[in-house]
1. In segment 158-170, which residue that is out of contact with any strand residue (DSSP E or B) (no Cβ under 7 Å at 6 or more places or on another chain) and assigned to a helix (DSSP H, G or I) is surrounded by the most Cβ atoms within 10 Å (Cβ to Cβ)?
2. Of all the residues that make up segment 51-80, how many are in a loop (DSSP other than H, G, I, E, B) and modelled with pLDDT of 50 or more?
3. Output the residue which, of all residues in segment 458-490 that are under 24 Å from the mean Cα position of the chain (by Cα) and in a helix (DSSP H, G or I), is surrounded by the fewest Cβ atoms within 10 Å (Cβ to Cβ).
4. So G118 passes all but one of these: (1) at pLDDT below 85; (2) open to solvent by 40 Å² or more (accessible area, probe 1.4 Å). Which condition number does it fail?
5. Please go through segment 493-514 and give me each residue that is under 14 Å from L455 (Cβ atoms), in a loop (DSSP other than H, G, I, E, B) and among the aliphatic types (A, V, I, L, M), ordered by number.
6. Take the residues in segment 597-615 that are touching a Phe, Trp or Tyr at 6+ places or on another chain (Cβ under 6 Å) and part of a strand (DSSP E or B), then tell me which one is modelled with the highest pLDDT.
7. If you scan segment 750-795, which residues turn out to be surrounded by 13 or more Cβ atoms within 10 Å (Cβ to Cβ), among the hydrophobic types (A, V, I, L, M, F, W, C), out of contact with any Leu (no Cβ under 7 Å at 6 or more places or on another chain) and part of a helix (DSSP H, G or I)?
8. Would you point out which residue out of I717, I689, I662, I739 is modelled with pLDDT of 85 or more, among the hydrophobic types (A, V, I, L, M, F, W, C) and surrounded by 12 or more Cβ atoms within 10 Å (Cβ to Cβ)?
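The values are calculated or read from the model by the stated rules, or taken from the named source; none is laboratory data. These numbers come from a predicted model, not from an experiment. Cβ placement follows ideal geometry from the backbone for every residue including glycine, while neighbour counts extend to all protein chains displayed. We work out accessible area using only protein heavy atoms, side chains counted, and drop any ligands, DNA or RNA first. Shrake-Rupley method; radii C 1.70, N 1.55, O 1.52, S 1.80 Å.
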Amino acid sequence: MSLAASGGLGAGGGLGGGLSMAGMAHGGPSAMATHQHMQPPPGTTSSTIPGMAPPPSAAALGADLLDKNQGSLDKRNIRNVASMPIIAIDLYGEKIEVASFPSTEEDDNKTAATEELGLLCKSLGQLGSGDVVLKRDNDASHRAVRRVLTKSKGYKSLFQDAMTTTDDKDAAVVIQSPFLLLGSRNCDQLRPVVKAKYNVSTDDNTAVIAPSSTTDDDGSGVTIRNGTLDGISAPQGDDFDRVNLQVNLHSSKKSLTLLPEDAVGILLSKAKSYYESKNLVVVEEDEEEFLEYPPAIAVPAWACRDNTVESLLDACNSNSACVYNRSVAALAGALLPHEVNDPKIKNKKQIVMHNLIQTLIKRFQDEDKRKQDMANKGEETARSGEVYMPLVVLAGMTPHGIELTAIQIGNVTSPSTVDEMHCIFGDFKVLSNVSYQLDTAADANATKKAIHKALVQLSEVVDDIYPELEEDGGIVTMLTYGSIASQLTMKEALTVSIQHINNDEPDAVWNDKITFTSSRQEVVALGTAVLAASSHARIRTNTNDKQPKPRPGLIVQNVAPNAVGVSLCLADPEKKQKAQWTLPKVIFEYDRNVPAGPHQIELCASECVALKIDPTIWNDTEKLVEEGNKWNTGKHIGEREAVARSLKVKIVQQQERGGKWIQVGSVIQPLTITSSQKEGDDGNDEDRIAIESAVLEFSLSPTGIITSTLTSDGHSIVQATKNARSNTLMYYLKWIVAISFFGGFLVKSYVEDKIFERDVNRLLTYYKNVAPNTIADGDINNSRYLVWKYKGKKR
């Protein structure tokens with residue numbers, strides 16, 4: 001079908017002339033007593049761990065152990081960083097939390113070292129705020145920053161000579177939360193709370209790469225402005241535009257221009273170097289091996305946009321970088337046991353299980369007991385073939401946004417190895433995610449309203465997707481994560497919201513029976529390290545089949561944190577028509593299982609003509625196809641060529657339910673191609689050829705990265721019309737030949753049969769009149785034989 005979406009199709013293989021487009025707290029204060037803080041339950045004993053399971057050898061790493069959610073990871077990338085620690089970073093929290101997972105040193109496919117007891121995933125502590133603070137009016141500082149920007153090295157000098165912790169404007173330049181600028185193409189797209197952190201220049205900078213000498217900041221030393229990547233052209237509203245930072249680091253020197261990726265890259269590099277300082281790694285002074293460490297970053301749902309995640313991966317500067325949903329990472333970290341000192345043996349630690357872990361295990365045990373009792377009575381459960389997965393709701397808040405996520409947990413194991421200890425529950429199934437970015441972080445009322453709105457939407461989606469939730473025991477708990485203050489705020493707002501939900505009519509699931517569980521501040525970083533170790537095949541378990549096979553330690557089934565759609569514009573610029581974009585057609589809706597795609601949309605010139613006449617049929621596929629067929633004739637070539645040249649398509653993404661659609665990438669003209677005879681030209685509209693049809697494919701990753709591919713057969717509209725006419729003539733000609741060929745045999749056989757019967761009757765009449773009462777008189781078989789024998793010899 002045309003101009004309509006169809007899923008599950010391949011990537012347009014075999015279509016010539018294709019076009020492509022890339023289209024990525026430890027124990028809290030006394031106030032926390034209102035939560036069920038995850039402390040070791042009384043009577044908990046240590047778990048015996050005989051040893052860490054041998055890591056997968058590089059040669060034996062199969063496709064089943066690769067994480068399908070991390071498209072950039074393959075066997076080669078995993079093998080290249082196997083000897084390096086994984087650095088997990090919670091970049092979007094109030095403070096940057098860092099954790100690590102050790103390397104898997106391999107020698108002849110054997111583990112070089114194992115730990116007898118203890119968790120491999122370690123918290124390295126807090127790096128500080130998400131600000132980049134640089135010394136001001138310091139020659140060494142200016143020189144160190146310039147070296148990093150031009151040569152991408154010298155980070156140790158940058159940390160020592162340029163970075164500081166003071167927030168005195170006279171002594172330092174502060175780049176506040178540069179990760180909030182990632183992926184922004186224009187200052188107008190930024191939220192007010194982000195703009196308030198910087199001085200915004202109205203003068204578009206056309207030289208992002210080259211330093212500028214302008215110093216139009218407000219005294220803070222940092223100005224944001226619109227720019228482009230090529231350093232020549234002015235911003236055009238396409239994918240080459242960038243918001244850049246103009247940093248006046250030294251009063252007597254030119255200001256420095258940084259992309260947000262550069263500033264975030266400094267934070268990530270600092271986090272990687274944190275591992276060396278915390279683990280007392282001895283390296284030579286000039287070596288910067290920490291830059292090669294594979295990073296893993298947790299991103300909240302409200303930041304999971306294509307442009308943002310793509311820029312974040314650029315800032316990582318690593319082929320082995322992993323990005324995970326922050327709520328999923330928080331759950332993985334909350335379900336990670338922790339070590340405490342053994343009171344009986346000095347310098348020895350024991351592993352204890354948190355209350356949440358034991359609550360979930362008890363849920364599974366009760367369900368197994370219930371099923372066993374029903375089986376003994378000869379009864380069957382309503383969903384006997386389904387796997388029981390209890391539901392946990394996660395609630396997280398940062399200074400810049402809130403998110404609520406409903407996740408089912410499954411595949412409980414009896415931890416007997418270090419691998420299984422890191423993933424006691426091996427399956428996470430995300431049902432829904434609702435998030436909102438806060439425009440005014442200091443406004444408590446606005447924050448509470450956003451939390452209430454998110455909870456109402458989440459409850460509606462979960463009730464629709466999981467109607468058996470009440471039968472399965474309801475929600476296990478609401479797990480809060482983040483700083484202690486944010487968890488208290490979240491719990492208070494959620495409690496009030498649940499009361500509001502039950503004001504009109506009591507709800508069987510979303511009521512005051514829901515318990516709240518708090519978590520340590522570092523659970524996001526720890527969970528990110530566990531997820532990354534599973535993606536890198538450093539944690540693995542076996543399936544529960546009769547013939548167990550290796551599988552990743554943790555398998556996550558994600559849902560889309562945002563919506564993706566396409567919008568068309570058919571205004572003819574030659575006639576100076578005002579550009580009017582259609583309402584977006586949704587391709588990937590919220591809470592769809594991801595990775596998703598490829599999903600196809602066929603764009604056809606004839607249907608675009610019908611759409612231009614009646615834009616209301618954009619979402620009526622059948623009528624669109626019917627009306628488009630009326631223009632698919634030779635006499636309408638001019639109309640189809642005109643609309644093909646004017647057709648523009650943009651991919652849009654909606655981050656908040658009911659929010660604004662944001663353009664992703666550049667506007668494309670799918671029904672025009674550059675003439676092969678003019679490949680060296682600049683691609684002006686008059687040099688482009690209108691084509692009849694093209695296919696646009698989309699794929700969506702769990703973190704919001706959109707991959708799109710545009711393919712076509714390259715046939716112009718005139719050529720396509722001729723081909724269609726030739727195909728029609730050939731179609732009818734084939735039928736005529738077939739009918740003539742087979743019909744001729746049919747007519748010939750019919751005529752010959754009639755002649756045969758006539759001759760037989762004549763011969764019988766002859767014998768009856770000439771030789772009556774003889775043996776030949778009335779012998780029809782003999783007459784038929786004689787007619788057949790002398791066929792063609794009658795004369």
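1. Filtering first and then ranking leaves L158.
2. Matching residues across segment 51-80 total 11.
3. Top of the filtered list is D464.
4. (2)
5. Within segment 493-514, V509, I514 meet the criteria.
6. Checking each candidate, the answer is H599.
7. Hits for segment 750-795 are F756, V760, L764.
8. On inspection, the qualifying residue turns out to be I662.
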